[in-house]
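The structure appears right after this line, and notes come after that.
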Amino acid sequence: MKFYFESINEIFFMGGHGIYVWIVVIVLFTTLLLLILNFALRINRLVKEIKTFSQIKDN
Amino acid sequence: MIKVNNLSFSVNNKKLFHNLSFAISEGELIRISGSNGSGKTTLLKIMLGITPPKKGFIEKEFSFGEKEFEFLGHKNGLKTYLSVKDNLYLMDLKLNDKNLKVLNDLSLLDLMSETVGNLSYGQQKKLALARVILSKARLILLDEPFVGLDDDSKKLLEKFLFNHIKTGKSAVITSHIDIDLPYSEICLDD
Amino acid sequence: MLKKFFHQFASPKSYFRIATKIQNPFLLIFVLLYVFALAWGLLFTPEDYIQGNSYRIIFMHVPASFVSQILFLIMAFCSVIFLVWRLKLSIYVAKSIAPIGAAVTFFALFSGSIWGIPTWGTWWQWDARITSTLILLIMYLGLISLHSSFNNYEKADRFFAIIVLAGVINIPIIKKSVDWWSTLHQSASITLTDAPSIDPLMLAPLFLSIFSFFGLIMGIVILSSRYEILLREQSKSWVKSL
Amino acid sequence: MIRLFFKELFKMVRQLRSWLGPLSVFVLILVAFPLTQDIDTKFSHQTTFSFLWIISLLVIMLSTEKVFLEDFDDGSMEQHLLKSYNFSDYVSAKVTSSFLLIGIPLSCMSWLFLQSAVAMTNLNLVSLLSFLLSNFIFINFCFFGNAVSLKRGSLLGLLIITPLLFPVLIILGKMLSAALLGLDYSNFLLLLLGCSLISGPLMPFVISYILKIHLE
């Protein structure tokens, strides 16, 4: 395994193709992050709701 | 005639009824009562075999679909853009003397070529009831048959049900309205 | 016997327990693995001599399009189990896969389009693979809207399972027919299938990225199926005592 | 079975808007299409055919939008389910009657339009046959989509059936280009025939199963 690029500038531009690669990377990670956050937040909210509802019912 | 054993049903985890058992014998009128949303219509549909029950089973002496029974739900099964006559044709009812006499009793005879959409709710209900009344079914199931009927028609239907039971046939109805007939009641409220 | 075993082992309750336990470590491992695979692919492999650096999108595009199809197969498998054994858990899982599948398919299409700009000179081509992937996306979206349009969950579940099965039978047919269709008009300038014999230096990170992306998506599936179970079993006593 | 078919036909004939409306829409679109062209441009075969297929598909979708909804809403579907005949017979009666009233007129009109738009020499009979077969398949699948999305508007059904119809459209296109090149197209025609022979008897069972779930 050998590091291919020589400078940070080169990592960024990748010979003119860098913009395509990095756009895809950004979209990929936002998609994954949105998916995970979306479901995690939904679960949290639902658990809270169920807890408050059952407390109200118990009292 | 029909035996219902340990019937349970629920929608979206909401229980409608649980461990319901009863039997319908010949010459019996059963009235299913209960508050709104207690599952009266669903029970009828389970007995008809349209909806499968969650638990329990139903024993039938005959199989449905052999002209042994007749059902009328909330919806009348009428085509509003056709005339009364055409609707009778779709119901497979012949216009012979006996049938015409019953239609006359229901005061539908003058309306034969009227479009059903122009009739009042009660008149449409009567037309739908004509199918039940004119059938020779051994068991009839009616969902809220008295809603929207005037006094004369109500009496007529009661008389028909009375005669129907007297000849050893059975009927199941759901109704909010009290009726002057001997019946056994099944209450779906807890 | 088998049925009883299934009912005990695969009850939503025990699945939920296990899923809660393994979810976070599972996600963490595969996220790290995927980031590692991406870094390897993006920074530590040599440039492709035809396509230049833009070929590095392969490490995101190929896993996504692979997983988008595998997810549909998993969904179909779950639907069969649901229809045959009436196992509720399987339809919960199948339903929770649908939005994830849609997102992954969308990403596959998107990354493919971006990749197309430098290599083909166009972001879209009506070639067989792209068209059938687009149809796959539409099917995912259709399934989501199908399930949400029913009030009665049980009916919705059964329709969902039936349509998934219709879809999974449909996919090879579409693939075949679309392949057939595209040969007549024009041949795609670069098909993704026969890439110019991939260098082993690139192949290793590619396989690693496919594997780890699959694991990552399965982690998200576990997450979303937990949500689905909570939503659907709200009234059960074990959920209330959580 | 035959009685049932006549009843369905009777209902449909009496409800003019369910079949005359879509047919008039079809004619209007046929009129609109040449208006967008210069008077002396000749239509190409490929474009005209694709146009006719897609328009037929859309018009059939339009005309079948509420076939089952009406019976479902007024309760006569329940009655059909409880009768002594098979429930699938009711479905096939509906399919057959709408093929008679919509599918066949559509095919004939498409064929007539073709005669006026492009000079046809050797494709007369085949094009009519292909229109008939494709419309039959379209009607079957549209009924299927309609049964799935019974009360939820036609969008849902459309999403499901359109992918199913892509292979049929591709076969049609392949058949046409083979015929235009003077090659043997009979195998495509047979494929189309096979599709309609499979979907014809099979679809009523699938549709009736779906409708039964809706009625629960």
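Overview of results
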item: Count - residues of the stretch C:222-242 that are among the β-branched types (Val, Ile, Thr) and either facing another protein chain (nearest Cβ under 7 Å) or surrounded by fewer than 16 Cβ atoms within 10 Å (Cβ to Cβ) (or both); result: 1
item: Hits in the stretch C:142-158 - residues which are more than 7 Å from chain D (Cβ to nearest Cβ) and among the hydrophobic types (A, V, I, L, M, F, W, C); result: C:Leu143, C:Ile144, C:Phe150, C:Ala156
item: Some residue of the stretch D:174-183 being facing another protein chain (nearest Cβ under 9 Å) and surrounded by 15 or more Cβ atoms within 10 Å (Cβ to Cβ); result: yes
item: From B:Ser170, B:Ser135, residue being crowded, with 20+ Cβ neighbours inside 10 Å, polar (S, T, N, Q) and out of contact with any helix residue (DSSP H, G or I) (no Cβ under 6 Å at 6 or more places or on another chain); result: B:Ser170
item: Top-ranked residue in the stretch C:73-88 [being among the aliphatic types (A, V, I, L, M) and surrounded by fewer than 23 Cβ atoms within 10 Å (Cβ to Cβ); ranked as farthest from C:Ile163 (Cα to Cα)]; result: C:Leu87
item: Residue among C:Lys95, C:Lys88 that alone is touching a residue at least 40 places away in the same chain (Cβ under 8 Å), among the charged types (D, E, K, R) and touching a Leu at 6+ places or on another chain (Cβ under 9 Å); result: C:Lys95
item: Wholly enclosed helices (runs of 4 or more DSSP H) of the stretch B:90-175 bearing at least 3 residues more than 28 Å from D:Glu8 (Cβ to Cβ) and of a type outside the set (Ser, Thr, Tyr); result: B:97-105, B:151-166
item: D:Ala93 of a type outside the set (Val, Ile, Thr), in a helix (DSSP H, G or I), surrounded by fewer than 22 Cβ atoms within 10 Å (Cβ to Cβ) and on the phi < 0 side of the Ramachandran plot; result: no
item: Some residue of the stretch B:2-24 being part of a loop (DSSP other than H, G, I, E, B), in contact with a helix residue (DSSP H, G or I) (Cβ under 9 Å, 6 or more places away or on another chain) and within 14 Å of chain D (Cβ to nearest Cβ); result: yes
item: Matching option when the condition is more than 30 Å from C:Lys240 (Cβ to Cβ) and assigned to a loop (DSSP other than H, G, I, E, B), among C:Ile50, C:Ile117; result: C:Ile50
item: Residue identified as surrounded by fewer than 22 Cβ atoms within 10 Å (Cβ to Cβ) and either modelled with pLDDT of 95 or more or more than 10 Å from every other protein chain (Cβ to nearest Cβ) (or both) among C:Ile70, C:Ile91; result: C:Ile70
item: Any hit, the stretch C:98-105, residues being surrounded by fewer than 20 Cβ atoms within 10 Å (Cβ to Cβ) and without any contact (Cβ under 8 Å) to a residue 24 or more places away in the chain; result: no
item: Options B:Asn76, B:Asn19: the member that is surrounded by fewer than 13 Cβ atoms within 10 Å (Cβ to Cβ) and free of Cβ contacts under 8 Å to residues at least 60 places away in the same chain; result: B:Asn19
item: Residues being on the phi > 0 side of the Ramachandran plot and within 7 Å of chain C (Cβ to nearest Cβ) - total across the stretch A:2-48; result: 2
item: Matching entry among C:Val62, C:Val35 (being over 22 Å from C:Ser225 (Cα atoms), without any contact (Cβ under 8 Å) to a residue 40 or more places away in the chain and in a helix (DSSP H, G or I)); result: C:Val35
item: Residues of the stretch B:104-120 classified as modelled with pLDDT of 85 or more and surrounded by fewer than 14 Cβ atoms within 10 Å (Cβ to Cβ), total; result: 3
item: Residue in the stretch D:7-29 that is part of a loop (DSSP other than H, G, I, E, B), facing chain B (nearest Cβ under 10 Å) and either surrounded by fewer than 21 Cβ atoms within 10 Å (Cβ to Cβ) or among the aliphatic types (A, V, I, L, M) (or both) present; result: yes
item: Qualifying position, being in a helix (DSSP H, G or I), closer than 30 Å to A:Ile11 by Cβ and of a type in the set (A, V, I, L, M), among C:Ala98, C:Ala19, C:Ala108, C:Ala102; result: C:Ala108
item: Matching residues, the stretch D:148-158, being free of Cβ contacts under 8 Å to residues at least 60 places away in the same chain and closer than 21 Å to D:Phe205 by Cα; result: D:Ser149, D:Leu156, D:Gly157
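The values are calculated or read from the model by the stated rules, or taken from the named source; none is laboratory data. Please read these numbers as outputs of a predicted model, since none were measured by experiment. Neighbour counts are summed over all protein chains in view; Cβ atoms, including those assigned to glycine, are modelled from backbone coordinates with ideal geometry.
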